[in-house]
Amino acid sequence: MRCVMNFFSLSFLLGVSVLSGLASASWIMIILMMELGLFFFVFLCMEYNLLSLSRSCIKYFIVQSVSSLLLLLGGLMCFTLCNNTNQLASLIFLVGIIMKLGAFPMLFWVAPVFLELPFLLIGFVGCPLKVLPLMMYSNYYMSFSTPLSLINMNFVSLLSMVFGVSLGLYMKTIRGMLGASSITHTGWFILSIHSASIIKYFCCYTVSLIMLLVCLWSQNSLMGALNLMGLGGLPPFSVFVGKMIVISASLSCNISEVFIMLAALVSAVSLFYYLKFSFNMYLYWSNNMVYVLGPSSYLFLLINFGFALLFMYI
């Protein structure tokens, strides 16, 4: 009982740190809230006794701390030094953002961390701990972005999708596949910021990921398989609608049609490993897992389809 209370208390404090960062107008305060959220996440790892058993948690802590230092250094240079140093400052800042999000080429930490985390903690890394870095990049994009940096980040976005799909085809476990999926969706996050559709896409992704992790945690094979297909962007689930919104907004923002076609093609290829794991989950795990459609299963489907319909008409 005490462990459950500690888990919910730390989860609540992590959520408060994210909301405080969202409400702050100071970029230094946002970085501080990132570190506070990381601090609470480390304590969540302690509740699962992961710090003494897993080097991946230590790797995650080091990567996030180093990336925060890069963000702080790049931010100070952007706001205090002369214009002739802005290119270097932007480079340092963007490297910090890319490292925090686990995008190309700083994606070395994602798969090892996901492979050893429980499903509930994968949800924390995949959703709330990405909110503030995405917010910082969105603010940077609106204030300091140049045509060259936009082109570079578009390539980062596309290569994150490509490497995420390549890694997903190689993975043999659900946790490893979720790590590859995180890299792929990070590429879509960056593209959605460029097309001003980040909130809609992130909400669609978060709903789909949370429902999948709940199904995996509760060992519901049928609903887990369905939500895994939804996370891959299979219609008519919410992530599919989110990707359609991003593609439509990108075309309206005059982003290259070739780039958008490549992103859509990579997304279609990624369905191969999502479907592979979905069929494996349903066919081979059904003997040991629950696959009866109860009221909660219908509720999960209703929420997923409800978000899809909601964002189609907003």
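The values are calculated or read from the model by the stated rules, or taken from the named source; none is laboratory data. A quick note: this is a predicted structure, and the numbers were derived from the prediction, not measured. Neighbour counts are summed over all protein chains in view; Cβ atoms, including those assigned to glycine, are modelled from backbone coordinates with ideal geometry.
So here's what we get for this one:
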{"item": "Residue ID - surrounded by the fewest Cβ atoms within 10 Å (Cβ to Cβ), chosen from residues in region 104-153 that are hydroxyl-bearing (Ser, Thr, Tyr) and part of a helix (DSSP H, G or I)", "result": "Ser143"}
{"item": "So Leu14, is it touching a Gly at 6+ places or on another chain (Cβ under 6 Å) and within 20 Å of Leu101 (Cα to Cα)", "result": "yes"}
{"item": "Pair list, Cβ under 8 Å, 6 or more apart: region 84-112 residue on the phi > 0 side of the Ramachandran plot, other residue at pLDDT 90 or above and not in a helix (DSSP H, G or I)", "result": "Gly102/Trp109"}
{"item": "Residue check, Leu69 surrounded by fewer than 16 Cβ atoms within 10 Å (Cβ to Cβ), modelled with pLDDT under 85 and not polar (S, T, N, Q)", "result": "no"}
{"item": "Failed condition for Ile151, given (1) more than 30 Å from Phe43 (Cα to Cα); (2) in contact (Cβ under 8 Å) with a residue 12 or more places away in the chain", "result": "(2)"}
{"item": "From Phe163, Phe240, Phe155, residue being more than 25 Å from Pro105 (Cβ to Cβ) and either modelled with pLDDT of 95 or more or of a type in the set (Phe, Trp, Tyr) (or both)", "result": "Phe240"}
{"item": "Only one of Asn227, Asn254 that is of a type in the set (S, T, N, Q), in a helix (DSSP H, G or I) and modelled with pLDDT under 90", "result": "Asn227"}
{"item": "Options Leu213, Leu209, Leu228: the member that is touching a residue at least 24 places away in the same chain (Cβ under 8 Å), out of contact with any strand residue (DSSP E or B) (no Cβ under 8 Å at 6 or more places or on another chain) and under 17 Å from Ala268 (Cα atoms)", "result": "Leu228"}
{"item": "Residue match in region 73-91 (condition: modelled with pLDDT of 90 or more and crowded, with 19+ Cβ neighbours inside 10 Å)", "result": "no"}
{"item": "Qualifying positions in region 28-59 - in a helix (DSSP H, G or I), among the aromatic types (Phe, Trp, Tyr) and either farther than 17 Å from Val131 by Cα or at pLDDT below 85 (or both)", "result": "Phe43"}
{"item": "Sole exception among (1) surrounded by 24 or more Cβ atoms within 10 Å (Cβ to Cβ); (2) under 17 Å from Val269 (Cα atoms); (3) not hydroxyl-bearing (Ser, Thr, Tyr) for Phe163, by number", "result": "(1)"}
{"item": "Unmet criterion (only one of (1) buried (at least 24 other Cβ atoms within 10 Å of the Cβ); (2) within 21 Å of Ala103 (Cα to Cα)) for Asn227", "result": "(2)"}
{"item": "Condition broken by Ala196, with the remaining ones in (1) assigned to a helix (DSSP H, G or I); (2) over 26 Å from Trp109 (Cβ atoms) satisfied", "result": "(1)"}
{"item": "Selected residue (only one of Ser20, Ser9 is modelled with pLDDT under 85, in a helix (DSSP H, G or I) and among the hydroxyl-bearing types (Ser, Thr, Tyr))", "result": "Ser9"}
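Each row is one residue, and each column tells you yes or no for (1) in contact with a Lys or Arg (Cβ under 7 Å, 6 or more places away or on another chain); (2) of a type in the set (A, V, I, L, M); (3) in a helix (DSSP H, G or I); (4) at pLDDT 90 or above.
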position: Leu262; (1), (2), (3), (4): no, yes, yes, yes
position: Val269; (1), (2), (3), (4): no, yes, yes, yes
position: Leu283; (1), (2), (3), (4): no, yes, yes, no
position: Asn287; (1), (2), (3), (4): no, no, no, no
position: Phe311; (1), (2), (3), (4): yes, no, yes, no
